[in-house]
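Only one structure is covered here, and it is reproduced in the block below.
Quick note: the coordinates plus some simple rules give every number you see, no bench work behind them. Treat the numbers as computed from the prediction; the structure is a model and nothing was measured. Backbone-built Cβ (ideal geometry, glycine too); neighbour counts: all protein chains shown.
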Amino acid sequence: MDLSLTLLFVVLAVGASLYAWYYDPSIQQKWAMNPYQVSRRNEYWRFLTSGFIHADIGHLAFNMISLYSFGRMVESIFHQISANGAALFALLYIGGIIVSDLPTYFRHRNDPYYNSIGASGGVSSVIFSGIMFAPLTELYMFFIPIPIPGWIFGGLYIAYSYWEARRGAGYINHSAHLWGALYGIVFTIATYPPVISMFFEQIAGRF
């Protein structure tokens, strides 16, 4: 593998975010997912560009550390299971960014003041693809001080994201987290159906 797409995506997001913060702040407004502008002005590029800019250093660092940690594993697995591993990994990540914004678009397309930025949808897709391949990987959840197996983390994460998305409170786009995660699961199964049996066999082997 000559080129790590994981590293490339991290570099692109860091570069775009730094450029927006320090050189051209208008980029955040032009690239953000603003469903109203997409609907009224056909600015469909926002589905993609919104995934490469972030609100602040904490937002960027959390997403990119998560992407790099899981992306290397998932990208390597895709190369092992398919001759088109690079294309599949790109579709997983980019598709996650785009698909995770669709519910946001339909919900807020008449709200000119709604904006959303960040790679969370794509990152969630990669994380949940990783959980499908390696469900016993230990992860930390925000309010739990000890590591928990990935398959338990995944269930709690989806339930939490669903609950928060229904509430619609705060400035975090929980809907993107939820749909990015679901896209990652569906994409991984569609790409490599044996992952279903692998998933359950690994969990069963733990007991």
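Between Leu102 and Ser82, the C-beta separation translates, for a Förster distance of 25 Å, into a calculated FRET efficiency of about 0.45.
Farthest towards the positive end of the charge dipole of segment 1-70, among the residues Ile57, Asn42, Thr6, is the Cα of Asn42, using unit charges on the Cβ of Lys, Arg, Asp and Glu. The equivalent ellipsoid of segment 1-101 has semi-axes of 26, 17, 10 Å, largest first, where each one is the square root of 5 times an eigenvalue of the Cα gyration tensor. Charge tally for Arg109 (other residues, Cβ to Cβ under 14 Å; Lys, Arg +1; Asp, Glu -1): +1. Every helix of 4 or more DSSP H residues in the chain counts as -39500 (n - 2.57), and over all residues that averages to -23000 deg cm²/dmol at 222 nm. Using the Cβ-Cβ distance between Leu91 and Leu7 with R0 = 22 Å, the FRET efficiency computed as 1/(1 + (r/R0)^6) comes to roughly 0.80. Helix 5-22 and the long axis of the chain differ in direction by around 30°, with both axes built from C-alpha atoms. Compute the helix-to-body angle for 120-133: its Cα long axis versus the longest principal axis of the chain, expressed 0 to 90° and rounded to tens. Between helix and principal axis, roughly 10 degrees. Between Ile146, Ala87, Gly121, the Cα set farthest toward the positive side of the dipole of the chain (charges on each charged residue's Cβ, about the Cα centre) is that of Gly121. Using Cβ point charges alone (K and R +1, D and E -1), the dipole size of segment 67-207 about the Cα centre works out to roughly 200 debye.
Which of rounded, prolate or oblate describes segment 73-160 when judged by the alpha-carbon gyration tensor and an a/c cut-off of 1.5? In terms of gyration-tensor shape, oblate. Between Arg72 and Tyr22, what is the FRET efficiency for a Förster distance of 30 Å, r being their Cβ-Cβ separation, to the nearest 0.05? Efficiency for this residue pair is about 0.60.
Per-residue packing, averaged as other Cβ atoms within 10 Å, sorts the ranges 123-136, 147-160, 102-115, 83-96 into the order 123-136, 83-96, 147-160, 102-115, beginning with the highest. Computed over the Cα atoms of the chain, pair by distinct pair, the Kirkwood hydrodynamic radius stands at 17.4 angstrom. The modelled label-to-label distance for the pair Ile189/Phe207, using points 7 Å beyond Cα in the direction of Cβ, is 1.9 nm. From most to least packed by mean Cβ count within 10 Å, the peptides 48-54, 8-14 give 48-54, 8-14.
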